[in-house]
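Peer 1: Before I ask anything, here is the structure I am working with.
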Amino acid sequence: MAQYSIGQVEKITGVKPHVLRYWEETVPGFAPRKDYSGRRIYSQRDVEIILRLKYLIYEKKFTIEGAKNQLIEDAERIQRSPDAVIELRKIRAELSELFFELQKSRSQEEN
């Protein structure tokens, strides 16, 4: 299972760390786990939630409250068609891994 630091999540999503921390406080059910030193460790599911929140708030112009309600509705829909969602999550996880491999290759080429 993929795990990401807050810096990696910022690179994937384009959402600044202070916004991520704010969303943790205001969106129920969104809380990355923390390691023994208190650093946030984000799962692929956390990244999916962040991308959905970003879309709802910045593109669709939802309020944070409206975005929370939409996430709840989304979760209810997911329960009705779990197979498709599982496949999409697998694909997104693979794409995230490829993204970091590509970044790593680029940085090695520069050195």
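The values are calculated or read from the model by the stated rules, or taken from the named source; none is laboratory data. Here the structure is a predicted model, which means the values were calculated and not measured. Heads up, the Cβs are rebuilt from the backbone with ideal geometry, glycines too, and the neighbour counts pull from every protein chain shown.
Peer 1: If you take the residues of segment 61-74 that are among the hydrophobic types (A, V, I, L, M, F, W, C) and without any contact (Cβ under 8 Å) to a residue 12 or more places away in the chain, which of them is farthest from Phe30 (Cα to Cα)?
Peer 2: Phe62
Peer 1: On to the next question. Under the condition of being farther than 20 Å from Glu10 by Cα and assigned to a helix (DSSP H, G or I), which residue from segment 97-111 is nearest to the chain's Cα centre (by Cα)?
Peer 2: In this case the residue turns out to be Gln108.
Peer 1: Within segment 69-83, does at least one residue satisfy the condition of being within 15 Å of Gln3 (Cα to Cα) and acidic (Asp, Glu)?
Peer 2: No, every residue in segment 69-83 fails to be within 15 Å of Gln3 (Cα to Cα) and acidic (Asp, Glu).
Peer 1: Out of the residues in segment 69-96 meeting the condition of being assigned to a helix (DSSP H, G or I) and small (Gly, Ala, Ser), tell me which one is modelled with the lowest pLDDT. Talk me through it step by step, then tell me what you get.
Peer 2: To start, the set of residues in segment 69-96 that are assigned to a helix (DSSP H, G or I) comprises 69-80, 82-96.
Then drop every residue that is not small (Gly, Ala, Ser), which leaves 75, 84, 93, 96.
Values: Ala75: 80, Ala84: 74, Ala93: 80, Ser96: 81.
Step by step, filter segment 69-96, then rank; the result is Ala84.
Peer 1: I would also like to ask the following. I'd like the residue in segment 62-81 that is of a type in the set (Gly, Ala, Ser) and over 16 Å from the mean Cα position of the chain (by Cα) and, out of all such residues, is surrounded by the fewest Cβ atoms within 10 Å (Cβ to Cβ). Steps first, answer last, please.
Peer 2: To start, the set of residues in segment 62-81 that are of a type in the set (Gly, Ala, Ser) comprises 66-67, 75, 81.
Adding the requirement that they be over 16 Å from the mean Cα position of the chain (by Cα) leaves 66, 81.
Values: Gly66: 13, Ser81: 9.
Among them, the one singled out is Ser81.
Peer 1: Output the residues belonging to segment 27-54 that are over 17 Å from Ala75 (Cβ atoms) and in a helix (DSSP H, G or I). Working first, answer last.
Peer 2: Going through segment 27-54, the residues over 17 Å from Ala75 (Cβ atoms) turn out to be 32-42, 54.
The one that is over 17 Å from Ala75 (Cβ atoms) and in a helix (DSSP H, G or I): Lys54.
Peer 1: Can you tell me which condition Lys34 does not meet? The list is (1) in contact (Cβ under 8 Å) with a residue 12 or more places away in the chain; (2) of a type in the set (Lys, Arg); (3) loosely packed, with under 15 Cβ neighbours inside 10 Å, and all the others hold.
Peer 2: (1)
Peer 1: Which of the residues that make up segment 1-13 are farther than 19 Å from Ile78 by Cβ and exposed (fewer than 12 other Cβ atoms within 10 Å of the Cβ)?
Peer 2: Gly7
Peer 1: Can you tell me which residue among Tyr22, Tyr42 is surrounded by 11 or more Cβ atoms within 10 Å (Cβ to Cβ), under 27 Å from Gln103 (Cβ atoms) and touching a residue at least 24 places away in the same chain (Cβ under 8 Å)?
Peer 2: The conditions single out Tyr42.
Peer 1: Looking only at segment 24-44, count every residue that is out of contact with any strand residue (DSSP E or B) (no Cβ under 7 Å at 6 or more places or on another chain), under 21 Å from Gln70 (Cα atoms) and not charged (D, E, K, R) and tell me the total.
Peer 2: Selection size over segment 24-44: 7.
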